[in-house]
Every structure is written in C-alpha cells, then in structure tokens.
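**Q** Handing you a structure now.
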Amino acid sequence: MKFRAAGAGSDGIRITMESALTARDRVGVQDFVLLENFTSEAAFIENLRKRFKENLIYTYIGSVLVSVNPYKELEIYSKQHMERYRGVSFYEVSPHLYAIADNSYRSLRMERKDQCILISGESGAGKTEATKKILQYYAVTCPASQQVETVKDRLLQSNPVLEAFGNAKTLRNDNSSRFGKYMDVQFDYRGAPVGGHILNYLLEKSRVVHQNHGERNFHIFYQLLEGGEEDLLRRLGLEKSPQQYHYLVKGQCARVSSINDKNDWKIVRRALTIISFNDSEVEDLLSIVASVLHLGNVQFAADEQGNAQVTTENQIKYLARLLAVEGSVLRDSLIHKKIIAKGEELISPLNLEQAAYARDALAKAIYGRTFSWLVNKVNKSLAYKEGEFPGWRSTTVLGLLDIYGFEVFQHNSFEQFCINYCNEKLQQLFIELTLKSEQEEYESEGIAWEPVQYFNNKIICDLVEEKFKGIISILDEECLRPGDATDTTFLEKLEETVKNHPHFLTHKLADQKTRKSLGREEFRLLHYAGEVTYSVAGFLDKNNDLLFRNLKETMCNSENPIINQCFDRTELTDKKRPETAATQFKNSLSKLMEILMSKEPSYIRCIKPNDAKQADRFDEVLIRHQVKYLGLMENLRVRRAGFAYRRKYEVFLQRYKSLCPETWPTWDGRPHDGVAVLVKHLGYKPEEYKMGRTKIFIRFPKTLFATEDALEVRKQSLATKMQATWRGFYRRKKFLHMKHSAITIQSWWRGTLGRRKAAKKKRAVETIRRFIKGFIYRNYPRCPENEYFLDYIRFSFLMNLKRNLPKNVLDKSWPTPPPSLCEASQLLRQLCMQNMVWSYCKRISPEWKQQLEQKVIASEIFKGKKDNYPQSVPRLFINTRLGNEEINAKVLQALENEAIKYAVPVIKYDRKGYKARARQLLLTQNAVVIVEESKIKQRIDYANLTGRCCASE
Ligand SMILES: Nc1ncnc2c1ncn2[C@@H]1O[C@H](COP(=O)(O)OP(=O)(O)OP(=O)(O)O)[C@@H](O)[C@H]1O
Ligand SMILES: [Mg+2]
C-alpha cells in the first residue's frame, strides 16, 4: 500500500493526521501503524475503544480503513464532508470512507488504473452501508451531465431493488445482505460515471423455504403484501396477511418494528421504473414472487401406498396461472420423479418427504434463478452504451466488493465453508498485493527490501480448492459418484485424502485432547484467521442443489418470459451434469480474484461493536473475535514489518522545520537535504530511519512521537514568544495608529488654517484694491468701481456717528459726513436733537418744570436788562429763604391767615453811617412786609405799587 500523490487542501477545518497525534492520549492514534506495541491485540482494541468512545469510528492500518459500526447517525456524511475529502491526501484529513473513496477515484483518474474497494466484515458490521455511502460520494462529487445523472440514478436505485430481493431480516442485521455483491462503476475520461456492472455471489436460497426463529424471508415478499395495491394482489391471488403463507412464518416475525415494508415497497416500485422495468416486466416479476408464496402453501397427503398427493388444488391453479404452465403437468411433476435410464423414461411417485423436498427445491430454484435474472436485467440498464456517450471511448473501472466476512458460528455448515473459503482467497490477495506494493515502494524509493515474515495462507486455499485433492473436489466426487453417497461418506473420504494436512482435523484424526471438542460429523479447518469447525450435515444436498428433471421441464415450458429465460431448454438436453454449487462458487471466486488482481485495491474492514445493534456499546469480547477473524493483527504486522511511518520530504520538513535552527524559519536547499540536517539535529539514530528518493522512512512510532512531543514543546515556546511579540507589536501598532491619527488631524487642521488665512489675505488684497479704486473714483457718480468705497465710507461714517453721537443738547459736536451723506447727516442731526430734547422733556419733574417756567418768566423780565442776569440763570429759584420757624411768631400772628409766599433776610443800611441792620422781607399774597425781629416795620400792599425800578436805573 502506498500513499498517493498529495492534493492541496482548501478549507481550514481539517484535522491532519499529524496534528491528531497531539491528542493521541484521549482519542488514540488515527493509524494503527503508530501503535508502539503493534503486536498487542489489547493495545489494538484499546485504541479502537478510545476512538469509538469519541465517535471516531474510522482508523487506518496504513491505507486499510477499519470501520466500527456506530449504530447511530453521525454527522459525518454531509455534502460538506464530501467536499472536505475531495482531492485531499490521506494524512491531511481524519480517517474516513470518503478518503478511501477519493483516493481510489484520484488514482483512477490520474494513473488511469482500474481500482477496487474491498469491503468485508461480519453480518451487521456496516459493509452495505459503506458501499452505499461510497456510491453516494461519487454521485455527489463526480462530474455531472444529463446522461450521467441517469446512470448515477440507476446505480443508486439498483440498491433498493437488489436489497428487496437479496436482503432479509436476520438475528444479526435487520437488513442483512444474503448474497455477495461486486459492483463495477465505469468512469469516462472526464471521471464521470457512465455505466456499471454487478456480479452476485451465492444467494442464500435456503431462506426462501426456511427461516430460523426471529428471522424473515427476503424483504420483497413482505413488501409486496404490505404495499401492493388491492388490484395487484387480487391479480396475483394473494392475501394481505403474511400469516397466510407457510414460507413467511417460519421465523415467526413477519412484522418488525424497525422495518417499514409499505414505504420500502414504494421505493422499490419507483426504483424498478428507474432501472427500466416496464409495467409488464414488473407484473411478470411479481407473478414469480407470488408463485413462490403459493408454492409454499402446496400441501401433500399420502395415499394408501404412501405416495404423495396434492391436497391444495387451488394453489396449483394459481401457480399454473402465474407461471403460465399447465396445471396438471405442474401437479404431476411435484409428486413424481422422472428417471431416464438406458434410454427409457421411468416415472416414480414420490413419498411425502420427497414431494416436500421437490416443492422446496422448485421454490428455491425459481427464486434463485429469478434473482440472477434480476441482476442481469439491472446490468443491462447499467451497461455503458457508447452511443449515449459519443466520443468517450476509453473508460476505467472502480469496483466495490460488499462480501460477507469470516463467519464462525456455533454450528457452521456448507454456507460458512464457502464464505470462509472466499475470505481465505481475499486474504491471499490482500497479502500478495500489500507486500507487492510495499516492495514496489521500497524499490522506487531506492531502499533495500527487507523480507517480511507473514503467514502465507496459500496452503489453506489449496486445501479447499486443489484439483482432485481439495475439499471441493472430494465433495463433488461424492455428489457425482453412483451409489449411496452421504455426508458421512464424504467425511470419511476427506479423512482419507487430506488426513496429513496440517490445517485439517476431524474427530478421528485429532489427538485425545482435541478430540473432545469435535463431533463425529464434523471437520475442522485451521484458517488464517483461526479455527472453524464445520458440520458435514447437508453438504451433499446443498452442493448438489438438485431439481427434479420433470420440474425443470415444466418450468422450461412456462410462458412467463422471465421464467422462460431462467430455465433454458439446453439444460435438459445437455448430457453434462450441471456444475455443483461449490464448484460454481469456486469458479466465480477465481474469476473475482482475476478481476481484483487486475485492479489496484483499497480495503475497508468493518467491525460491529455489539450484538444488540445498540449505539455506544463496545463489546470487547465480540470485537476481539472480529479483529482476529478479519486478520487485522496480521494486516498490521505486515504493514509494520518495515517502517511505521513515511512521508514526502517536503511534508516532513514543513511540519518539523521549527525544531532545527538551520531549517527554521525557511530552508532554501532541497527538501531532502533539509530533512537530513533536521534529523541529524534531532539525533535520529541510523537504525531508526532511512532516506528514500522522495520520502523519509521512520521505523518506530516512538521516534515520531518524540519528534511530535518536541514539536509540541517548541510550539508552546513559540506561542509564548509570539504572544509577547504580539503584545509589543500590538501596543506599538496602537501607538503608531494614534500618532498617525494625531498627525492626520494636525495636518488637516493646519491645512484648514492655512486655507483660511490665504482666503483672508486674498479677501484683504481684494478689499484694498477695491478701496483704492473706489478712492480714485470717489467723486464719480456711483459706479461698480466706487460702489464698495462709497458704501464703505458711508458705513464707516455711520459707525463713527453711532460711536460719537452728542451726549446732550448742549453738545454741539457732530462728525463730518462724506459728501454723499450730507443731507442724511443733516436729517440725522435734527432727529438726534429732537430725540434728545424729547427724552429730556420726558424726564423733567413737575418741580423742575415749575423752576423752568419761573426761569422763562425771569428771562422775559430780565434778559438783556440786567447785567448779572446770565450769572443768575444757572442758580435755581427757591420758594423761600426763611422757614416759618425763623420768623417771629408774633409777626406770623400779625399776618394772621395771610400766607407767606416768600421770606428773605435782608440788610437795611442806615441813611446815616450806613449801619447795617438785619431785617426780614416777607412777601405775602397781598403785600410786602419788612420785619425787625417781632415787629412789622413797614407794609406795602401790592395794590399801592405803581411801578418798579431797577437798581441800575
Ligand atoms: N456508518 C454507519 N452509520 C450509522 N449506522 C450504520 C453505519 N453502518 C451501519 N449502520 C447500521 O448498521 C446496520 C447494518 O449495516 P449493514 O447492513 O451495512 O451491515 P452489513 O455489514 O452489510 O451486514 P450483512 O453482512 O448482514 O449484509 C445498518 O442497517 C445501519 O442501521
Ligand atoms: Mg450487507
């Protein structure tokens, strides 16, 4: 086995094989070759257990996939999962069916070499599920087109049909395949599936007439009864209940909760149409199914001579109709045997037992041959039709083998013998091809081949199949020889012929100790996987697989087209005895081996974790048994004989380069030299590894694990360093960011300011220019040149005026207006004065008003007439200069009610000597009075006044 060319992965969710090494304590190793203790079965099982517990059901042994049935739906088969495995190398992703499927497909496409995937394991281990999942993988991931879709559909839909006719509920599996199946899928040059072909092996026909307790007949019988429309059942003469049919109730479990026959019927019916069955073919096929049921209900009774007679005429009628044969002929052929001796035809009646045997043999033959016909029919629909795909001449083939694994039961019979022989052959093929491909890889890598010790099971294959001396030859001889051959005589013959064979034992040949474990009717084979004891009972019958000649004849006359094709007339005239079952099987196996040998194989070994079909139950005893009989330890031993691990130099260097200063962070030379430097630095000892042409080979897992652990430590220290660097880097980044932001803001602001300043300057220049121009044109009428200037002058005059308005009416200042505003200025000045006057007037109190009125009167009287009048103007008038309290009470009394209007102290100068004497002058309403202290000295009534004179006069 070899890892094929790597394709680059694209998504980031992959768990690489190497990275999963880190978690190996919890989830085990993904490849058993990395088990340190690879010879220990316990270590092997422990690894399986750890992984199973984590729902990791797939593990490799090199490129062999070991799969443990999870018995529960896992989320690992989605379209995304399929995509994840497309074009990716084994070690880049965790183990999966899809990895095997993709690897095979890629080799098929790139190397144009036919491939095959061999899936084995015991009943219920998941072989058929695996096959279906692989087919689905191709259906989804391969290129598509209209025609290709049809082929894909047919490939997928052939499954439900073949399962309906070839699968049954057994104690081990509710959908157990009772035949071996090899399916070829043909791909065109673009890698699109364009056709297919199926080979079937050894259908368990005995199930048609008998089932063990808890088991059922083939699904199709129950599906037809449950799902078939009433009309159809009526035409077939069938009743709905399976209990009515002897062949369906042997195992007493016609109905099973886990199986939905009605639904499955619909699926099968649809699938039949897809694989190109027309209605009449379906009817013919179902007539045969129904006829088997009727045949099972045919009963016999003995007449006086003990000869069998049919007691169920009705069944014969149905049978005759369904198989389109003559009723009486059919009846007779069921109770008579035709012997041709010395050219004469002798008819001998059968006894009850013989008649029942003949009936069952007919049922088995009809069903068995119909099954083969069905496979052929499917093949016709899958056949690669060049016309449909013009121009696509060359095709490659990928085969899927879903075949029973080694079987060891309490009682093992002819079937187990055939099955185990088949597994011996597959093991032989496996060992041969594994060693061959190992050898090829060593050779191509230029590494000396080291012989691998392994158990060559050719000796057992020979024991079974050798001409004349082999068990099958001896069995055939016993079947064919005249005289009373029985199973016992067969055993005796065996003992005689192969008594010295180291892998063969019988009761007689065994030593005292072993003899106890062997019955007298048994022989034991020491298979590569372990020993199996077979009971010879029934070997001859099963090998002969006889059908009375007259029954064959009757069938040959059938007008049912399918039966007609199944029973060929040449059989009757052929003098040669038909091949026995074992020889047929041997021949078909040898053909299968040829087919497989011509292809590059991949292997899937399926294991079932418990007998109860339960999830999360890991039955160690059962698993140990399967590990043994699947030969997994031997697989591992062969795979590990040389080197446990091998990788392309590029891949190895890429992963581990950080462990060596010379290769870290980059190696510029050839990867080969880089790896040499790296492993030298890591201290690999010469016996631990070899350098091939393109790959490094490591002998022991411990070397790899030590490297892996060192990588883990290195990663952690790198991570710590990176964290520190990152923190520093982060801070600096933040600082730089802030600095950058500050600079941006600053420069932006500076720019803004600069722009503003420049705009201001520009405006200033313009203003000055306009101002000058305006000044030049100032005396012109208003025009664009002076408009600004004039406005400005006006504006500044008005602003100046606003600041320097006269504060009061006496303030006569007023700014000088420009010529254009002279009139306005004049008006404003008046307005301003009016305003001042008006607001002054508004503020005047009544007392002040009176003063002013008095002043007006005074002015009228004195203005221009009195020298010092102007000086007196600012001085206020007062009501009186003497208060009443300063006037003598007597005087006041003398004046009685005459109100004093004005009183003033005056001085009287004597006429002589001008002596000054203080007097008071009182003005009343009517008179002027001069008072000397308390005396009124003089009184002059106003009425007596005739005029006035001034001092100056
Ligand atoms: N990958 C899987 N995931 C979930 N369930 C599975 C898986 N494989 C198998 N099973 C379950 O196990 C059952 C048995 O599987 P399958 O029919 O493939 O067994 P087999 O090996 O073909 O047995 P036989 O030899 O009897 O035909 C399936 O019906 C299904 O319920
Ligand atoms: Mg199966």
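The values are calculated or read from the model by the stated rules, or taken from the named source; none is laboratory data. These figures come from a predicted structure and were not determined experimentally. Virtual Cβ from ideal backbone geometry, glycine too; neighbours counted across all protein chains shown. Keep in mind that these areas ignore ligands, DNA and RNA; they rest on the heavy atoms of the full protein, side chains included. Shrake-Rupley method; radii C 1.70, N 1.55, O 1.52, S 1.80 Å.
**Q** Which of the residues that make up segment 68-99 are within 13 Å of ligand 1 (Cβ to nearest atom) and part of a helix (DSSP H, G or I)?
**A** Once the filter is applied, which keeps residues that are within 13 Å of ligand 1 (Cβ to nearest atom) and part of a helix (DSSP H, G or I), segment 68-99 yields 81, 97, 98.
**Q** Test of understanding: among 104, 123, 78, 89, which residue is surrounded by fewer than 21 Cβ atoms within 10 Å (Cβ to Cβ) and touching a residue at least 60 places away in the same chain (Cβ under 8 Å)?
**A** Checking each option against the conditions leaves just 123.
**Q** I would also like to ask the following. Looking only at segment 107-120, which residues are more than 29 Å from residue 623 (Cα to Cα) and either open to solvent by 10 Å² or more (accessible area, probe 1.4 Å) or touching a Phe, Trp or Tyr at 6+ places or on another chain (Cβ under 7 Å) (or both)?
**A** 108, 109, 110, 111, 112, 113, 114
**Q** Which count do you get for residues in segment 415-452 that are open to solvent by 10 Å² or more (accessible area, probe 1.4 Å) and among the aromatic types (Phe, Trp, Tyr)?
**A** Residues meeting the conditions: 1.
Yes/no matrix, rows are residues, columns are (1) under 30 Å from residue 649 (Cα atoms); (2) of a type in the set (Asp, Glu); (3) in contact (Cβ under 8 Å) with a residue 12 or more places away in the chain; (4) surrounded by 11 or more Cβ atoms within 10 Å (Cβ to Cβ):
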{"residue": "679", "(1), (2), (3), (4)": "yes, no, yes, yes"}
{"residue": "687", "(1), (2), (3), (4)": "yes, yes, yes, no"}
{"residue": "692", "(1), (2), (3), (4)": "yes, no, yes, yes"}
{"residue": "727", "(1), (2), (3), (4)": "no, no, no, no"}
{"residue": "731", "(1), (2), (3), (4)": "no, no, no, no"}
{"residue": "748", "(1), (2), (3), (4)": "no, no, no, no"}
{"residue": "751", "(1), (2), (3), (4)": "no, no, no, no"}
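**Q** Need pairs with beta-carbon distance below 8 Å; first residue open to solvent by 20 Å² or more (accessible area, probe 1.4 Å) and of a type in the set (Asp, Glu) and within segment 154-172, second part of a helix (DSSP H, G or I) and within 13 Å of ligand 2 (Cβ to nearest atom); sequence gap 6+ or separate chains.
**A** Sorted first by the residue in segment 154-172, then by its partner, the pairs are 163/128; 163/219.
Residues checked against (1) more than 30 Å from residue 490 (Cβ to Cβ); (2) modelled with pLDDT under 95; (3) not polar (S, T, N, Q):
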site: 546; (1), (2), (3): no, yes, yes
site: 550; (1), (2), (3): no, yes, no
site: 569; (1), (2), (3): yes, yes, yes
site: 623; (1), (2), (3): yes, no, yes
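**Q** Got at least one residue in segment 192-213 being within 16 Å of ligand 2 (Cβ to nearest atom), basic (Lys, Arg), open to solvent by less than 40 Å² (accessible area, probe 1.4 Å) and assigned to a loop (DSSP other than H, G, I, E, B)?
**A** no
**Q** Filter segment 405-436 for residues that are without any contact (Cβ under 8 Å) to a residue 40 or more places away in the chain and assigned to a loop (DSSP other than H, G, I, E, B) and give the result.
**A** 409, 410
**Q** Here's a follow-up. Among the residues of segment 596-629, how many are β-branched (Val, Ile, Thr), away from ligand 1 (no atom under 11 Å from the Cβ) and open to solvent by less than 40 Å² (accessible area, probe 1.4 Å)?
**A** The qualifying residues number 2.
**Q** Under the condition of being touching a residue at least 12 places away in the same chain (Cβ under 8 Å) and charged (D, E, K, R), which residue from segment 783-825 is farthest from residue 838 (Cα to Cα)?
**A** Only one residue tops the list, namely 785.
**Q** Further question: Which condition number in (1) more than 16 Å from residue 158 (Cβ to Cβ); (2) in contact with a strand residue (DSSP E or B) (Cβ under 6 Å, 6 or more places away or on another chain); (3) more than 16 Å from ligand 1 (Cβ to nearest atom) is the one that residue 229 fails?
**A** For residue 229, the failing item is (2).
**Q** For segment 100-126, how many residues are under 19 Å from residue 196 (Cα atoms) and either of a type outside the set (Gly, Ala, Ser) or within 13 Å of ligand 1 (Cβ to nearest atom) (or both)?
**A** Matching residues across segment 100-126 total 13.
**Q** Name the residue that is nearest to ligand 1 (Cβ to nearest atom), counting only residues in segment 34-67 that are surrounded by fewer than 21 Cβ atoms within 10 Å (Cβ to Cβ) and part of a helix (DSSP H, G or I).
**A** By that ranking, first place goes to 53.
**Q** All but one of (1) closer than 26 Å to residue 323 by Cα; (2) at pLDDT 95 or above; (3) more than 16 Å from ligand 2 (Cβ to nearest atom); (4) open to solvent by 40 Å² or more (accessible area, probe 1.4 Å) hold for residue 276, so report the exception by its number.
**A** (2)
**Q** When the residues of segment 173-191 are narrowed to those that are within 13 Å of ligand 1 (Cβ to nearest atom) and buried (at least 20 other Cβ atoms within 10 Å of the Cβ), which ends up farthest from residue 252 (Cα to Cα)? Can you show your working first?
**A** Here is the first cut: in segment 173-191, the residues within 13 Å of ligand 1 (Cβ to nearest atom) are 173-181.
Applying the additional criterion that residues be buried (at least 20 other Cβ atoms within 10 Å of the Cβ) yields 173, 176-181.
Values: 173: 16, 176: 17, 177: 20, 178: 19, 179: 23, 180: 26, 181: 28 Å.
So, considering only residues that are within 13 Å of ligand 1 (Cβ to nearest atom) and buried (at least 20 other Cβ atoms within 10 Å of the Cβ), the one farthest from residue 252 (Cα to Cα) is 181.
**Q** Using the structure shown, decide if residue 668 is away from ligand 1 (no atom under 16 Å from the Cβ), open to solvent by 10 Å² or more (accessible area, probe 1.4 Å), free of Cβ contacts under 8 Å to residues at least 60 places away in the same chain and assigned to a loop (DSSP other than H, G, I, E, B).
**A** So residue 668 passes the test.
**Q** Ok, one more. List every residue pair whose Cβ atoms lie under 6 Å apart, where the two residues are 6 or more positions apart in sequence or sit on different chains, the first residue falls within segment 880-903 and is farther than 18 Å from residue 938 by Cβ, and the second residue, located anywhere, is open to solvent by less than 70 Å² (accessible area, probe 1.4 Å).
**A** Cβ pairs passing all conditions: 880/902; 880/903; 881/904.
**Q** Filtering segment 768-782 down to residues that are touching a residue at least 12 places away in the same chain (Cβ under 8 Å) and in a helix (DSSP H, G or I), which residue is least open to solvent (accessible area, probe 1.4 Å)?
**A** So, considering only residues that are touching a residue at least 12 places away in the same chain (Cβ under 8 Å) and in a helix (DSSP H, G or I), the one least open to solvent (accessible area, probe 1.4 Å) is 774.
**Q** Would you confirm, using the coordinates I've provided, whether residue 945 is aliphatic (A, V, I, L, M) and at pLDDT below 85? Don't jump to the end; show me each part of the working.
**A** On the way: aliphatic (A, V, I, L, M): yes; at pLDDT below 85: yes.
Yes, satisfied.
**Q** Shifting gears a bit: Got at least one residue in segment 175-189 being within 24 Å of residue 67 (Cβ to Cβ), polar (S, T, N, Q) and more than 13 Å from ligand 2 (Cβ to nearest atom)?
**A** Looking for residues that are within 24 Å of residue 67 (Cβ to Cβ), polar (S, T, N, Q) and more than 13 Å from ligand 2 (Cβ to nearest atom), one finds none in segment 175-189, hence no.
**Q** Any residue that is part of a helix (DSSP H, G or I) and of a type in the set (D, E, K, R) - is there at least one of those in segment 514-536?
**A** Yes, segment 514-536 contains at least one residue that is part of a helix (DSSP H, G or I) and of a type in the set (D, E, K, R).
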